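None of the figures in this text is laboratory data; all of them are computed from the coordinates on show. All figures in this text were calculated on a predicted structure; none of them were measured in a lab. Glycine gets a Cβ as well: all are built from the backbone with ideal geometry, and neighbour counts include every protein chain shown.
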Amino acid sequence: MFSHLFSEGIIGDMRTRNRIVMTAMGNHLANSDGSVSERDIAFYGARARGGVGLIITECAIVDGLRGKGNNNQISVSDDKFLPGLNRLVQEIHKHDCKICVQIYHPGRQGISAINGNLPLPAPSEVECKAVHQPVAAMTTLEIEEMVEKFVKAAVRVKTAGFDGVEVHGAHGYLINQFLSPYTNLRQDRYGGSFENRLRFLDEIVKGIRNSCGSDFPLIVRLSVDEFLEAAGLPGKGLHLEDGVKIAKHLEKAGVDAIDVSSGIYESMNVAWEPFSFEQGWKLYLSEAVKKAVRIPVIGVALFRDPEFADKALSEGKLDFIGSARLHYADPQWSNKTKTGQKDEIRKCICCLHCMETLMSADISPTPCQCAINIQSGRELEYSDIKENGENRVVAVIGAGPAGLEASRVLALRKFRPVIFEKNDKPGGQLEFANKPPKKEKINWLIEYLKNQTAKLSVEIRFNTLPTVEMLKEINPYAIFISHGSKPVMPQSIPGINSQTVYSSIDILDGKVKLTGKNVAVIGSGMTGLETAHLLAENGNKISLFEMEQTIGQNVYFQYLIDIMSQITKLGVKLYPEHKLTEIKNRTAVFEIVSSDEKKEYTFDNIIISVGAVPNRELTEEIQSLFDRVYILGDALKAGRIRNAMESGFLTAYNL
Ligand SMILES: Cc1cc2nc3c(=O)[nH]c(=O)nc-3n(C[C@H](O)[C@H](O)[C@H](O)COP(=O)(O)O)c2cc1C
């Protein structure tokens, strides 16, 4: 089974036990001085124990003065970091896994506030449209010094005992900025022609080869296509033919492997994708490089299923299966695959909560989080699942993500969870979240939680809203109330209860099916956007109204970009600053927030999506009659998948 995935891999002088690579992933776990933390060691150690063949660390700092990406990032910019780095190597090697450090400089994609409030060094003064930071074009001397910093960093990586080094030439960071004609407007020996744009990377590669020797494995990561068309910059930047040309050049320069990726910050959605991208969508990039070079090719292409990954290897499309989020969501992906337990894999659903928390952590010290694996990045705090439940019964009301996750952990702890679910299947709100177009990956989480609770013999009583008597009958040690939330239908709006008006949940759960209608969706949070998307795809004419100044104000920007591009293609009309004040049968009356002007529009149907409130059914009665009653997830406060999973995990973990 999976003979290609589990065949030995070779990169230069490095041999890996399989073809599975955990690609670099910023995690915000390092100590604030840049030294490797115990949390780092536990985090990477769990992935090495989980069977990964090669780990490439998060992008590490080479320039401690102006080259930080965030405040808790591994640094290789000084010899003082060597002891911690060496401890990390020792830990990973214990598990027969290999580890390289990715060395990088953010250039114009950094944050000035954490880099001495100075302009960020870049080939040219081209401000990044995503981070909007001050930028200064580097002098020749600064470029030469920067080459030295990369080389010295690589020497430290070797000295600390790592198996190799990866130079980060992708994702729009400094080296990528030199490679790309979009960001490199120089007219000197570091800009202009292909050879000149490559010179900075060339000098780094040469320097590393000279200082670390020809036998020290050297990988370069490239964005072989910057996809700037997707960012409204047609004809700009690097395209696949340029990327392939760079890879061929690097092969000649003595690089041992190419790690193929894509995108820069302006086109971020192709670098770490939201829900809507399909597994394998960018495999053709690796394949193109593989055809052009003889050195090994690592590639990322949203690999999630072992079969898909093994097939890609068997067809010779690449040599190593790269993914970061796969191993973030499930550190045991490799072992589960190898031992025939692929149904147990917790597959990353591409919700981008990790990136959202990482991005918000640039300045604040919030660590990066996984929405579906609460232990991820918290290996030190939450690895010790104590088996002291002594078969005590816990009643869990509601089989949504909070209830299922809680039951999973309770069962691992040897409690006996009994779930009461009013519907005929598990999933709760996830069964609405999976309905909009291209949200099928949500089903992976439902399947995982369903499989795990089944494997742990958790009893689920479907079609049952428990009565107090039913609860008393099972004599519960504790009761977890996790029966979710219900949509807000503001009764202050006259006409809200008209027959033409529905909630977004009525649409998402399929109770109400609309086609060919003229429909207003009120509210442009994530659910409003997704409801508009679903209705538009079903052939309705959609107008989306929002009382705030902008559409999707609290929606993570990567997700917003993705869904906006889809709904605008479907002709959804957008109306910011429109506050719904009244519904007169089919007519919706709005107040224009900035002008107090009133406007009326007529629709066949009006769909309300202005938030959710906890379902309080039974809650007070249960609280008054039983000890140890805990309210979880949306039943406590309507939130997102992470909130539900976290409250499920923690309540069960701490019981
Ligand atoms: C939170 C997060 C942090 C990342 N950090 C890095 C990084 O430090 N260096 C890098 O080259 N790629 C980084 N990546 C990109 C990943 O290595 C990978 O290419 C990307 O997630 C797409 O593949 P995947 O969905 O299979 O993980 C990061 C991705 C995410 C989601």
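After finding the eigenvalues of the alpha carbon gyration tensor for the stretch 253-306, what semi-axes result from the square roots of 5 times each, listed largest first in whole Å? Don't jump to the answer; show the numbers that get you there.
Numbers: eigenvalues 98, 38, 15 Å².
Those come to 22, 14, 9 Å.
For S457 paired with R15, estimate the spin-label separation in nm (one decimal), with each label point 7 Å from Cα along the Cα-to-Cβ line.
With each label point 7 Å from Cα toward Cβ, the separation is 4.4 nm.
Step by step: find N for the stretch 65-125, compute 2.2 N^0.38 Å, then divide the Cα radius of gyration by it. What's the final number? Could the numbers behind the result be given before it?
Details: Rg = 14.7 Å, N = 61, 2.2 N^0.38 = 10.5 Å.
For the stretch 65-125, the normalised Cα radius of gyration comes out at 1.41.
Over the stretch 398-441, what portion of Cα pair distances is larger than 11 Å, expressed as a whole percent? The partial results should precede the final answer.
Details: 624 of 946 pairs.
The answer is 66 percent, as a whole percent.
Calculate one ³J(HN,Hα) per residue across the stretch 342-351 by plugging θ = phi - 60° into the Karplus curve 6.51 cos²θ - 1.76 cosθ + 1.60, and present them in order as whole Hz with x for glycine and proline.
Here the 3J(HN,Hα) series is 5, 5, 8, 5, 9, 7, 4, 9, 6, 7 Hz.
Lysines within cross-link reach of K311: Cα-Cα under 19 Å, excluding same-chain residues under 8 positions apart?
By straight Cα distance, K311 reaches K282, K290, K291, K336, K338, K342, K347.
Report ³J(HN,Hα) in whole Hz for each residue of the stretch 601-617, in order, from the Karplus equation J = 6.51 cos²θ - 1.76 cosθ + 1.60 where θ = phi - 60°; Gly and Pro get x.
Using θ = phi - 60°, the values come out as 9, 10, 9, 6, 9, 10, 10, 9, 9, 10, x, 9, 10, x, 6, 9, 3 Hz.
With a ≥ b ≥ c the root eigenvalues of the C-alpha gyration tensor of the stretch 110-258, is it rounded (a/c under 1.5), prolate (a/b larger than b/c) or oblate?
Judged from the Cα gyration tensor, the stretch 110-258 comes out oblate (a/c at least 1.5, b/c at or above a/b).
With +1 on each Lys and Arg Cβ and -1 on each Asp and Glu Cβ, how big is the dipole of the chain about its Cα centre, in debye rounded to the nearest 20? Intermediate values should be presented prior to the final figure.
Numbers: 76 positive and 80 negative charges, 195 e Å.
That gives the chain a dipole magnitude of about 940 debye.
Quick one: in the stretch 561-619, what % of C-alpha pairs are over 20 Å apart?
Numbers: 814 of 1711 pairs.
The proportion of pairs with Cα distances above 20 Å equals 48 percent.
About the Cα centre, and with charges only on the beta carbon of Lys, Arg (+1) and Asp, Glu (-1), how big is the dipole of the stretch 85-169? Nearest 20 debye, please.
Approximately 280 debye in magnitude.
What residues have an amide H closer than 5 Å to that of S485, excluding those fewer than 5 places away on the same chain, when H is modeled at 1.01 Å from N in the peptide plane?
N615
Largest first and in whole Å, what are the equivalent-ellipsoid semi-axes of the stretch 226-352 based on the Cα gyration tensor, each being the root of 5 times an eigenvalue? Provide the component values of the computation, followed by the final result.
Numbers: eigenvalues 137, 78, 23 Å².
Over the Cα atoms of the stretch 226-352, the semi-axes work out to 26, 20, 11 Å.
Taking the dipole about the Cα centre of the chain, with the C-beta of Lys and Arg at +1 and of Asp and Glu at -1, give me whichever of I542, V155, A247 is farthest to the positive side.
Of the candidates, A247 comes out farthest on the positive side.
Show which lysines lie in cross-link reach of K149 when reach means a straight Cα distance below 20 angstrom and same-chain residues fewer than eight apart are skipped.
Excluding near neighbours in sequence, the set is K68, K80, K158, K206.
If you project the alpha carbons of the stretch 159-218 onto their three principal axes, what span does each projection cover, largest first, in Å?
39, 22, 13
Using only C-alpha positions, report the orientation-averaged shadow area of the convex hull of the stretch 39-178, nm², one decimal.
Numbers: hull surface 32.7 nm².
The orientation-averaged projected area of the Cα hull of the stretch 39-178 comes to 8.2 nm².
Once the piece of chain linking E125 and N497 is laid out straight, how much longer is it, given 0.36 nm per residue of separation minus the C-alpha distance between them?
The span from E125 to N497 would gain 128.3 nm if fully extended.
Is the chain best put as rounded, prolate or oblate by its Cα gyration tensor, with a ≥ b ≥ c the root eigenvalues, rounded for a/c under 1.5, and otherwise prolate when a/b is larger than b/c, oblate when not?
It comes out oblate by the Cα gyration axes.
For the stretch 440-497, what class follows from the C-alpha gyration tensor (a ≥ b ≥ c being the square roots of its eigenvalues): rounded when a/c is under 1.5, otherwise prolate if a/b is larger than b/c, else oblate?
Details: a/c = 3.42, a/b = 1.37, b/c = 2.49.
Oblate is the answer for the stretch 440-497, as a/c is 1.5 or above yet b/c matches or exceeds a/b.
Quick one: Cα convex hull volume of the stretch 1-115, Å³ per residue? Kindly include the intermediate steps, with their values, before the conclusion.
Numbers: hull volume 12.5 nm³, N = 115.
Convex hull volume per residue, Cα atoms: 109 Å³.
Charges on Cβ only, +1 for Lys and Arg, -1 for Asp and Glu, centred on the Cα centroid of the stretch 24-123; of L85, P123, S75, which one is farthest towards the dipole's positive end?
Positive-most Cα among the choices belongs to P123.
So who's got an amide H within less than 5 Å of the one on F420, skipping anything under 5 residues away but keeping other chains? H placed 1.01 Å off N, in plane.
Here the answer is V396, I397, G398, R461, since their amide H atoms fall under 5 Å of that of F420.
Could you give the length gained by full extension between E38 and N654, i.e. 0.36 nm per residue of separation minus their alpha carbon distance, to one decimal place?
On the way: separation 616, 0.36 × 616 = 221.76 nm, distance 2.26 nm.
Full-extension gain reported as 219.5 nm.
Amide H of L120: which non-local residues (sequence gap of 5 or more, or other chain) have their own amide H closer than 5 Å, using H built in the peptide plane?
When sequence neighbours closer than 5 places are left aside, the close amide H contacts are V135, A136.
Roughly speaking, what is the centre-to-centre gap between the stretch 179-214 and the stretch 413-450 when only Cα atoms are used, to the nearest Å?
So the separation of the two Cα centres works out to 50 Å.
Among DSSP bridges having both ends in the chain, what percentage is antiparallel? Round to the nearest 5.
20 percent
Cut-off under 20 Å on the C-alpha distance; same-chain residues fewer than 8 positions from K598 excluded. Which aspartates and glutamates are left, in chain and number order?
E546, E548, E577, E582
Return the sequence-ordered ³J(HN,Hα) values of the stretch 475-482 in whole Hz as given by the Karplus equation 6.51 cos²θ - 1.76 cosθ + 1.60 applied to θ = phi - 60°, using x for Gly and Pro.
6, x, 6, 8, 10, 9, 9, 9
If only Cα atoms are counted, what is the Rg of the stretch 411-563, and what is its Dmax, in Å?
Just the Cα atoms of the stretch 411-563 yield Rg and Dmax of 19.0, 53 Å.
What is the distance in Å between the Cα centres of the stretch 124-161 and the stretch 459-475?
Going from one Cα centre to the other spans 62 Å.
Could you tell me the center-to-center distance, by alpha carbons, between the stretch 312-347 and the stretch 22-48 in angstrom?
When both Cα centres are located, 20 Å separates them.
Over the stretch 92-141, what number does the Rg to Rh ratio reach, with both radii from the alpha-carbon atoms and Rh per Kirkwood?
Details: Rg = 15.9 Å, Rh = 12.8 Å.
My calculation of the ratio gives 1.24.
Can you pull the Kirkwood radius for the stretch 574-655, inverse mean 1/r over Cα pairs, to one decimal in Å? Before the final figure, lay out each step's value.
Values: mean 1/r = 0.0610 Å⁻¹.
Value: 16.4 Å, from the Cα pair sum.
So how strong a dipole does the stretch 261-330 carry about its Cα centre when Lys and Arg Cβ are +1 and Asp and Glu Cβ are -1, to the nearest 20 debye?
Details: 8 positive and 10 negative charges, 56 e Å.
Using Cβ point charges on Lys, Arg, Asp and Glu, the stretch 261-330 gives about 260 debye.
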